[in-house]
1. Counting pairs of alpha carbon atoms under 8 Å apart in space and at least six apart in sequence, what relative contact order in percent does the chain give?
2. Expressed as an acute angle from 0 to 90° and rounded to the nearest 10, what is the orientation of the C-alpha long axis of helix 338-347 relative to the principal long axis of the chain?
3. What translational D, rounded to a whole number of µm²/s, comes out for the stretch 19-169 from Stokes-Einstein when the hydrodynamic radius is the Kirkwood one over Cα pairs, at 25 °C and 0.890 mPa s?
4. Percent antiparallel among DSSP beta bridges with both residues in the chain, to the nearest 5?
5. Along the charge dipole of the chain, Cβ charges K/R +1 and D/E -1, which of MET95, ALA353, PHE413 sits furthest on the positive end?
6. For the stretch 164-223, what percent of Cα pairs sit more than 17 Å apart?
7. Tabulate in residue order the Karplus-calculated ³J(HN,Hα) for the stretch 351-359, using 6.51 cos²θ - 1.76 cosθ + 1.60 with θ = phi - 60°, rounded to whole Hz; enter x for Gly and Pro.
8. Given charges of +1 on the Cβ of Lys and Arg and -1 on the Cβ of Asp and Glu, with all other atoms neutral, how large is the dipole of the stretch 79-179 about its Cα centre, in debye to the nearest 20?
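Just so you know, all these numbers are worked out from the coordinates, no wet-lab data involved. As the structure is a prediction and not an experimental result, all values here were calculated from the model. Neighbour counts run over all protein chains shown; Cβ positions are idealised from the backbone, glycine included.
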Amino acid sequence: MRIAHSITACILGLLEVAITLTVAQEPERIGAPTQFFVDSERYRFANADMSNPAFYPVPNETITRDTYMQYLESMDLKALASDPDRGESSLVAFMPVLVKYVESGEKRWADACVEMLKQYHTALKKRVEEDTWIWDFEWPAVLFPLYRQYLMEGNIIEANTPWFKDLVLYYCRNLHVWAEEPIEWRGGCHRSMPEGTVKWLASTWYPDIPEAKHWARYGQLVFSDFWKVKDVPQNDTGYMMGPLLMPLFHGDRLLGDDRVYTDPEMQQVFTRIMMEVSSDGAMNPYGPNGGYNSTAHFRVSVLERIAAKTGDGRYRYVAHKLVNYLLYQARNDDYLSSLHASLAYLFADDSIAPVEPEPGSIYTLRHEAMRVAHKDKALTEKLLGNADPRENRGYICCSWVMNEQQWPDKFIFRSGWNPGDFFCLVELHPTSFPANPGGIMGMNRYGAPFTQIVTSKGSSEENRLLIQDIDGISKRRLHPEKGRIDENWAMGNMPDIRSEVTHFEDTPEATYAKVKVQNPDGLPVVYEREFIFAKNRFLATREIVTFEESFHARVSPLWNTQNIGPQLGNHWANTFMSAPVANNGRSSMKTPPVDLLVWFAPQEDCRLQVVDRMTFDARTTDCPAQLRYAWEGNPKKGEQKIFTQVYYPHMPYRNRTYNNNPGDQEAEKPTLQNTAYASGIEVIRDDANASILKLEFDEEETEYVVFNPAAHKINIGNRSVEQALAYFSETKSDEEN
C-alpha cells in the first residue's frame, strides 16, 4: 500500500490501487494540498440496511394539519404574542399567532395581531424617515391578505377599518422594491409580482382611493406578464419561489376563481415543484440557491395549497415527504419554518388523502428566459406591451422576460418513491444561468446526496463536459438577438445555446435518454449526452462532442464533490459528501454514509486530474473538489471525442492495517471494495459507433449497458441488441445455461 502525500482541499489521503486496464498517465493533482480527517464512524455500516434507523434515520411520520399546529405551539406562542413590536419582520414573526387565533377562536390572539399590525405601521414609518422608502417587497404582499381575511372573519376588523387601511396604503405608496427611485416594475419576476399583487389587492379593497384605477391596471398588467407564459424565469432553488407565491397563494383573490390551479398549462409548474423532490424528501439545489434543501419549506406550504385547490393527493404526499426529511435534519424542535408551517396549516385539507405520485422518470419543459436591458422603455413596450410612459415607471424587473418558446427543462430520473431509491436530476435548459444543459444537478441514493451545486447567477460548470478553446481563436456562436445579456452581464455576447431531447424511454428496469446541445458556451461544437439510468443500481452516461471547426481544445468530463478518495485509480475515483451545506453556507446537514464511484472509460490520451476548485473559483467552498478526465488536442472539423462514465453508489470502505511495526508494508490485493467497485467494470467496446460495458458489482449477477446510437444489431454473448440504448442483467445460472 502506498499513501499519497499530495492531496487537495477537502480530499482524503488517496490510496492508489492499480487495476488491470491499460491507460497511459497517472492522476494529476492540481491545487494546494490540504488534508482533512474523516469521521471513523463513516465506515461502521457493512451494508445499506434501510430498516436500520441508525443508518437511515429519515422518519416516515403521518403528517396532518395538527402536525403543523403542534410545531407552532412548541414555540411558546404566549411569549411570542406578548411582544408585538418586532420591527419590519413583524408580519412574518406573528403568523403563528394568527394561526393560533384561527385554530382556537380566542380573541386574545387576535388582539395581539392587531397590536402587532399597529406597531408594524410605526416601524414602516421609521424606515421611510431613515431611507426614504420601503423595500421589503415579498412577504407583506403574501401576508396582508391573510391577516385581513381572518381578522375580518372573526369580526375583529371590518373591510374599511381605518387603521388597517392606512397601514396597507402607507406600505403601497412607499414601496420601492429595488430600494431606489423606480417603482411599478414589469414582468413575472420576484419583485414585480409582489408589487403588482399588493397594489391590485389594495385597489379592490379600497376602490375609493385616488390610485385605485391605476393600481388595478398595473397589477393586472404584471399578472398578465406572468399569465402569458404561465412560467417564471428563475431556473433555480432560490429566487423562483418569489414570483410563484403570488398566483399560488392569491390567484383566487385576484381573479375571483380558481383558474390558476386548474389551468392545464399551470400543471408544468406544479409538476416541477412536486417531481424535483427526491424519494427521501430532499431538494437538490440548482442555479442560484440557498444551499442544500433550499426551497423545501416553500414547497411544503405551496404543495398543501395546490392539493387543497385541486383535490390531488399527490401534492400532499410529496409535501409530507419534505416535512419528514426536514424532521430528520432538525437539530432541535425547530425543524420547519414557522412561516411556512403557518401557511401550511391555513391551506392544508385533511380530507384529501396523500397519494403516491407516478414512480417513473419524466422530463419537464420550461419557457425561454431572456435577460435584457431593464431600463429600456422601448424594450418594455416590445416585449411586454403597455409600457408606462412616465419616468421611473414600468422597467423590466431583474432584466428577465420570457417568451413563448419552450425548451427542455430537466430529466428527472426516478427509481420510485421508496426511502433511499436512486434519484437523479439533470439540467437541460439552454438559456438559464448558469447554462449547464446536460449537467447532473442532483444524485441521491440511500438518503445520501452526491452533488452540491455552486450558487451562481453566472458561469459555473457542473457535472458535465467542459470544452475549452485554449487559444481563444474559434469564432463564438452568438445569439442573433444582440440585445440579450449573457452570464457575465455583457450585452450582445449571449451564446446561442440550443438543446433538444432526442430520446426518452422509461421502463421498469431503466430510463434511457439523450440530450443534444448545439453551441455549448457559444463554441462551434455539438454536445450530446446519453443516459442509461439503471433503477436502484447505477447511472451510465456517454458524452460526445463533435467539432464543427478545428481549434486547440481541452475537453474534460467533470464531477464536483467534497471528497475524493481514499480509493483512486488512473481513470476512476471514490467520492463522497461529508455534509451537504445549507442556509447559504452557514449550516452543515446530515447524511447517511454512502460513497459514489466515478468511473471514466480508460483512454490512453486522457489524464485523470484531481482539482482544488478553490484555486480558481472562491464560490466553491461548499463543494471544492473536482475530478476531470482531461484530453487536449487539435481536432479536425467533423472529429468526435467520446467519454463514457459510470456512477455507482456503494457503502464506504477503507483499508485498516493491523500491523503496528514501523516500516512494514502490506500489499492489498484489488477487490471490489478496495477499488470502490471499479474493478467490477469491464469495457467490451468503447468507440464512436458503440460503447458496451459489463458490470459485475454482485457475485451472482452481471449487468450490461449498451450505447448504440445507430441502433445496429450487436451481439453480446447469446443476446442480440438492436436498441439505441439498452440495459440488461444476467444471473450466473443464466450465463451457465
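1. Details: 1665 pairs, mean separation 96.4, N = 737.
13 percent.
2. 70
3. 120
4. The antiparallel fraction comes to roughly 95 percent.
5. MET95
6. Counting every Cα pair in the stretch 164-223, those more than 17 Å apart make up 32 percent.
7. Ordered by residue, 3J(HN,Hα) equals 6, 9, 7, x, 10, 4, x, 4, x Hz.
8. Numbers: 11 positive and 15 negative charges, 31 e Å.
So the dipole magnitude of the stretch 79-179 works out to roughly 160 debye.
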